[in-house]
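The values are calculated or read from the model by the stated rules, or taken from the named source; none is laboratory data. Everything numeric here is computed off the predicted structure, so don't read it as measured data. Here Cβ is always computed from backbone atoms with ideal geometry, including for glycine, and neighbour counts include all displayed protein chains. Heavy atoms of the whole protein, side chains included, go into the accessibility calculation; ligands, DNA and RNA do not. Shrake-Rupley method; radii C 1.70, N 1.55, O 1.52, S 1.80 Å.
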Amino acid sequence: MVHHHRYHQLRRPAEYIKDEESQNHVMDCSSSVYSKRTKPKLITFLFLITFLSCCYVFAPFFLGPSFSLSLLYSYGPENDANQDGVDMHASICSSVSTGTICCDRSGYRSDICVMKGDIRTHSSSSSIFLYNSISHGNNVSRTIEARKGEDEEDQVLQHEKIKPYTRKWETSVMDTIDELNLISKKVNSPSVRGCDVQHDVPAVFFSNGGYTGNVYHEFNDGIIPLYITSQHFNKKVVFVILEYHEWWITKYGDILSHLSDFPPINFSNDNRTHCFPEAIVGLKIHDELAVDSALMEGNKSIVYFRNLLDEAYSPRIKGLIQDEEREAQEKLRQQQQQQISLSPSSDSETSQGLQEIARTKPKLVIVSRSGSRAITNENLLVKMAEEIGFKVNVLKPQKTTELAKIYRVLNESDVMIGVHGAAMTHFMFMKPKSVFIQVVPLGTNWAADTYYGEPARKLGLKYIGYEIHPKESSLYERYDKSDPILRDPESINKKGWEYTKKIYLDSQNVKLDLRRFRKRLHRAYEYTILRSNLNLQHQPL
């Protein structure tokens, strides 16, 4: 289920502390410059310029490679406005020098680290090393003893830790995510472990832990951020996965194959040393089920992601259609052999007539739930929709249901109806300008609009939120009519997530007021017919 955590954009106190510390370092370094106040002003000025230049050049060695960049990009309205995302055009780590690690920890939802140079994995220590070779050519005066000491103990330039998962603010789930060590070292070449697998393309490291197993979180916290982070590589990228799941690879293989030309790597179970020229550790995330075009190369939006889904599932859907046609032909052949009483011509005409009628009816899909938040009078809803003029399909997706089959049903449909819950994530399988009607149980108004309503509008769907009345909730029979659970759900939600989950998500079903709901269905039907007629008018003769 979706975890309804309300959060606000927070200021970044860590950044302010970091900058104060940086200023202290500068003041300490400058004491030697200002101690001799009897110097002429010109000499003092020259010393000051020299000093500032030295600080800029050498600061990364003392404060980390991201020092100078962080001072440039830590503040400003654009950065504050985009805390949830990482603008690749204005990010702290939008430009990384070879041999350095840059980490952007300014986002509320996720941390992102970028590495460039001689990168090598070491799964047994949960580490990714970035090696910088030591050159002895200019150090003539170094003694043999000093060289031996340096061989025995390589010099660590930078050590970062990161949990590559996109729910940074949620401590309880982040505690379950494996942590990676990113270590930049100066080493003597002979001491560097060789590459077992040499890659000539970048890598993206991310975790499949956390809430993976829930379709909303799989798309919101995984697949869409993976698209945002990697699409600009044009498939020339390798995915390295922590908490690797074979079922996830199978489920999303069609999409992964359109994001990368290479098989994904199971980081924890692959003890080989994989070498990369560049790596992104962590995934960029913008908003709930969203792609912010302002943060994307080429201004790509969620519609581009939807187009990628089309490309990913089209080959499989064509295969399914061909299989069905073969089965239909086989059934027809068997019927002809059995010499059905109807003549072949009349049978063919009847079949064609039924198909023609079916084609003219708008298609409506009801995404059915069992257990909590089920529509208890769903059979009557189906009957009413058919009376209005829809061709109705009741879809009951399971965890084992192939996504291509779900995609096909919804992609061919005009209207989708469902009760608020993770399965509403499938609205992304609808074509833009289709209708999405979300039934909103008591206590879920904010979550329903935030997680599904607003993202559906961004995708270009006609969104209708149907907020139920207390009498339409199964809670109406369990609580006194004046109970805040019925009359003031917002006050209950303020008590915390556990109350919302226990009362409104796990213990509530819906019995639709069909007379009231019929108005929404009529609106959807009229909109669909009008849109269909307009499309026909614009088709070339």
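The figures follow:
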| quantity | calculated |
| --- | --- |
| Rounded Å value of the spacing that divides the Cα centres of the range 481-530 and the range 295-311 | 32 Å |
| Calculated P(r) of the range 363-537 - Cα pairs past 22 Å, % | 44 percent |
| Contact order normalised by residue count of the range 433-541, Cα under 8 Å, 6+ apart, percent | 29 percent |
| Calculated from backbone phi, Karplus (6.51, -1.76, 1.60) coupling profile of the range 272-288 in Hz, x at Gly/Pro | 6, 8, 9, 10, 9, x, 7, 8, 10, 10, x, 10, 7, 9, 9, 7, 5 |
| Of all accessible heavy-atom area on the range 363-537, the percent that carbon and sulfur account for (1.4 Å) | 48 percent |
| Amide proton proximity set for residue 439, modelled H, under 5 Å, gap of 5+ | 418, 419, 420, 466 |
| Per residue, in Å², the accessible surface of the range 363-537 once ligands and nucleic acids are set aside, probe 1.4 Å | 47 Å² |
| Vicinal HN-Hα couplings computed from phi for the range 471-486 (Karplus, 6.51 cos²θ - 1.76 cosθ + 1.60; Hz; Gly/Pro x) | 5, 8, 9, 5, 5, 5, 8, 9, 10, 4, 4, 9, 5, x, 4, 8 |
| Phi-based couplings in Hz for the range 462-469 (Karplus 6.51, -1.76, 1.60; Gly and Pro marked x) | 7, 9, 10, x, 9, 7, 6, 8 |
| Part-to-part distance (alpha-carbon centres) for the range 442-456 and the range 102-121, which is given in Å | 32 Å |
| Ranked by how many other beta carbons lie within 10 Å on average, peptides 434-444, 395-405 from highest | 434-444, 395-405 |
| Nonlocal amide H pairs with residue 376, under 5 Å, H built at 1.01 Å | 510, 511, 512 |
| When the range 175-330 is reduced to its Cα atoms, the Kirkwood hydrodynamic radius in Å | 17.6 Å |
| Relative packing of peptides 514-520, 309-315 - highest average C-beta neighbours within 10 Å first | 309-315, 514-520 |
| Among 371, 384, 535 the positive-end extreme of the charge dipole of the range 363-537 (Cβ point charges) | 535 |
| Distant-in-sequence amide H partners of residue 118 (H built 1.01 Å from N, under 5 Å) | 99, 131 |
